[in-house]
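The values are calculated or read from the model by the stated rules, or taken from the named source; none is laboratory data. All figures in this text were calculated on a predicted structure; none of them were measured in a lab. Don't worry about glycine lacking a Cβ; one is built from the backbone with ideal geometry, like all the others, and counts go over all protein chains shown.
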Amino acid sequence: KRDVATIQSVITQASNAITTLDTTVKAFNGQDFTQLATNAASLKTVLTQGTSTIQGTAAISAQDAITLQSSLSPIQSSAASLSSDLVAKKPQIQQASLCDIVQQQTTDIGSAANSLISATVSKVPSTLQSVATQLTGQFTGQLTDLSAQFAPGNCTNAAGGSAAVAGIAFSNSSAATASTSSTKTASASSS
C-alpha cells in the first residue's frame, strides 16, 4: 500500500504543478514571461523528481493498479485544460516572439511526463501494462500535441523574431530575462 500511495502522491503533485502553470497561462498577457517560465520549469522538475521517486518504489499489485487508475483522471483533465489554454494564448505568444521558448518548454515537459508515465506503468503488473499505457496515452498525447502547436510552421514569432531577439535566454531549469518586458516587446517589434 505504501508504494501505491507514493505513486498517487507524485501524480497529485504533478497535477497540482500543471494546474499552477495553467493558472499562469490564463493570466499571461504577452508581456511578462518570467512567471510562465518559472512555473513551466517547476512542472518539469516535479515530473523529473517524481519519475525518480516512482522508480524507487516496488511493483504494485493488480488491486493497487485499479486504485491508481482513479488518480489519473485529474491529471488528464489538468493537462487538457493546460493544452487548450496555452493554445488560446498563441497570439500573445507569437506577438512576444516566444514560439521557440514555448515549443522547447512543452517538448521538455512532454518528455518528462513520458518518463513519469513509463516509470508508473513499469510498476503495474505486466498483464495490465498495455491497459495502463492506453489509459495514460491521452495525457502524454495531449502534451506531445501541445508541443507541435508551437513548432516552426505552426507558430510564427512577431516580425520573424525569436525569443533571443526578445531578450530572453532559456536554460533547462529556468528562463532569465535580459531586459524588462517593455524592452522585450520593443526589441521584438524592431527586428
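Let me confirm something: among A80, A37, which residue is surrounded by fewer than 19 Cβ atoms within 10 Å (Cβ to Cβ), at pLDDT below 95 and within 13 Å of the chain's Cα centre (by Cα)? Residue meeting the stated conditions: A80.
In the list A166, A178, which residue meets the criterion of being modelled with pLDDT under 50, under 24 Å from S97 (Cβ atoms), in contact with a Gly (Cβ under 9 Å, 6 or more places away or on another chain) and of a type in the set (A, V, I, L, M)?
Criteria check complete, one pass: A178.
For the stretch 25-34, the tally of residues that are part of a helix (DSSP H, G or I) and either at pLDDT below 95 or surrounded by fewer than 16 Cβ atoms within 10 Å (Cβ to Cβ) (or both) stands at 3.
Residue count for the stretch 86-107, restricted to those that are buried (at least 23 other Cβ atoms within 10 Å of the Cβ) and among the hydroxyl-bearing types (S, T, Y): 2. Scanning the stretch 41-100 for residues that are of a type in the set (G, A, S) and within 13 Å of I7 (Cα to Cα) returns G50, S52, G56, A58, A59, S61, A65, S70, S71.
When the test is whether a residue is part of a helix (DSSP H, G or I), closer than 18 Å to S118 by Cβ and more than 11 Å from the chain's Cα centre (by Cα), Q49 passes it. If I ask for residues that are of a type in the set (A, V, I, L, M), under 30 Å from S61 (Cα atoms) and over 14 Å from the mean Cα position of the chain (by Cα), which ones from the stretch 1-34 would you list? V4, A5, I7, V10, listed by residue number. Just so you know, in the stretch 86-113 the residues that are of a type in the set (D, E, K, R) and in a helix (DSSP H, G or I) include one that is nearest to A151 (Cα to Cα), and it is D100. Count of the stretch 101-117 residues, restricted to those that are without any contact (Cβ under 8 Å) to a residue 40 or more places away in the chain and within 19 Å of D3 (Cα to Cα), is 1.
For A14, the conditions (1) under 29 Å from A96 (Cβ atoms); (2) out of contact with any Gly (no Cβ under 7 Å at 6 or more places or on another chain); (3) touching a residue at least 12 places away in the same chain (Cβ under 8 Å) are fulfilled apart from (2).
Please verify whether the stretch 140-156 includes one or more residues that are within 20 Å of T23 (Cα to Cα), more than 14 Å from the chain's Cα centre (by Cα) and among the aliphatic types (A, V, I, L, M). Taking every residue of the stretch 140-156 in turn, none turns out to be within 20 Å of T23 (Cα to Cα), more than 14 Å from the chain's Cα centre (by Cα) and among the aliphatic types (A, V, I, L, M). Given the condition surrounded by 21 or more Cβ atoms within 10 Å (Cβ to Cβ), in a helix (DSSP H, G or I) and more than 19 Å from the chain's Cα centre (by Cα), answer yes or no: does some residue in the stretch 57-67 qualify? Scanning the stretch 57-67, I find at least one residue that is surrounded by 21 or more Cβ atoms within 10 Å (Cβ to Cβ), in a helix (DSSP H, G or I) and more than 19 Å from the chain's Cα centre (by Cα), so the answer is yes.
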